[in-house]
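Engineer: This is the structure, below, for whatever I ask next.
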Amino acid sequence: QQRADYTIRVSLDTATHLLSGSATIRYANHSPDTLRYLWFHLEQNLFRPDSRGAALNAAPNSAGMWFAGTWFQGRGMTVTTAAAVRRARGGTVTRSPLTARVNGTALRVDLDQPLAPAGTVTLDLAFEYQAPEKGTFRTVQGPLGEGRVYEIAQWYPRVAVYDDVRGWNTEQYLGNG
């Protein structure tokens, strides 16, 4: 079984409703395969206007994105930085920039070195997410009494499952169903 351990640092700017964070992820490859990239889920990208979920729910004879409302358009999650973190002997830490490609509600991060079976890699990912005022299930912010309430789920890049049957689980998140 693969393993991912997260250390997440996050802040929420209540003036701009921007959630900004960084995650240090230690990924252990317990598979018999050498991995050249890791996949992550970015479920909030469902609400981007260019997403597959938006296209499916806008199709003719579709009930629309009933769980989001056809008026809702989010900008999804943005991954601003991806880097491999390496410790050399003597404690020196280096960060190697990595290529990260968004594919709908998934993110592929190409590793700078192959990850052998029983190996580990540590990644730093920086990300941000704009909480919409006219949101939907799992993502909304708005006034409540004399303050504001934020309801944000699936708010950080989450490592996808890698198994011995299908490899990476990169199926797109298409919403309720």
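The values are calculated or read from the model by the stated rules, or taken from the named source; none is laboratory data. Here the structure is a predicted model, which means the values were calculated and not measured. Please note: Cβ atoms are built from the backbone with ideal geometry, for glycine as well, and neighbour counts cover all protein chains shown. Note: areas computed on protein heavy atoms with side chains; ligands, DNA, RNA excluded. Shrake-Rupley method; radii C 1.70, N 1.55, O 1.52, S 1.80 Å.
Engineer: Could you compute how fast the stretch 4-45 diffuses translationally, taking Rh as the Kirkwood radius over C-alpha pairs and applying Stokes-Einstein at 37 °C with viscosity 0.692 mPa s? Give it in µm² per second. Don't skip to the answer; put the middle values down first.
Structural biologist: Details: Rh = 13.1 Å.
D, rounded to a whole number, is 251 µm²/s.
Engineer: Output the peptides 98-105, 112-119 sorted from most to least packed, where packing is the average of other Cβ atoms within 10 Å over each peptide's residues.
Structural biologist: Values: 98-105: 17.2, 112-119: 12.8.
Descending packing order for the listed peptides: 98-105, 112-119.
Engineer: Run the accessible area of the stretch 79-156 with a 1.4 Å probe and give the carbon-and-sulfur part as a rounded percent. Working shown, then result.
Structural biologist: Details: 2160 of 4380 Å².
The C+S portion of the solvent-accessible surface of the stretch 79-156 is 49 percent.
Engineer: Leaving out ligands and nucleic acids, note down the accessible area per residue over the stretch 76-177 with a 1.4 angstrom probe, in whole Å². Walk me through the numbers on the way to the answer.
Structural biologist: Details: 5750 Å² over 102 residues.
Using a 1.4 Å probe on heavy atoms only, each residue of the stretch 76-177 averages 56 Å².
Engineer: Convert each backbone phi in the stretch 122-131 into a coupling constant with the Karplus relation 6.51 cos²θ - 1.76 cosθ + 1.60 (shift: θ = phi - 60°), then list the ³J(HN,Hα) values in order as whole Hz, x for Gly and Pro.
Structural biologist: Once θ is set to phi - 60°, the couplings for the stretch 122-131 become 10, 10, 10, 10, 10, 8, 8, 8, 8, 7 Hz.
Engineer: Using amide H atoms built 1.01 Å from N in the peptide plane, name the residues 5+ places from Trp168, or on other chains, whose amide H lies under 5 Å from its own.
Structural biologist: It is Asp163, by chain and number.
Engineer: Taking Cα centroids, how far is the stretch 141-163 from the stretch 97-135 in Å?
Structural biologist: The stretch 141-163 and the stretch 97-135 have Cα centres separated by 18 Å.
Engineer: Roughly how many nanometres apart are two label points built 7 Å out from the Cα toward the Cβ at Thr120 and Leu144?
Structural biologist: About 3.8 nm, to one decimal.
Engineer: If you don't mind, another one. Take the Cα of Val165, step 7 Å along the line toward its Cβ, and report every residue of the stretch 1-35 whose backbone nitrogen sits under 16 Å from that point.
Structural biologist: The answer is 1-2.
Engineer: With all protein chains present, how much of the accessible area of the stretch 1-55 (probe radius 1.4 Å) comes from carbon and sulfur, to the nearest whole percent?
Structural biologist: Numbers: 1360 of 2780 Å².
Percent of accessible area from carbon and sulfur atoms in the stretch 1-55: 49.
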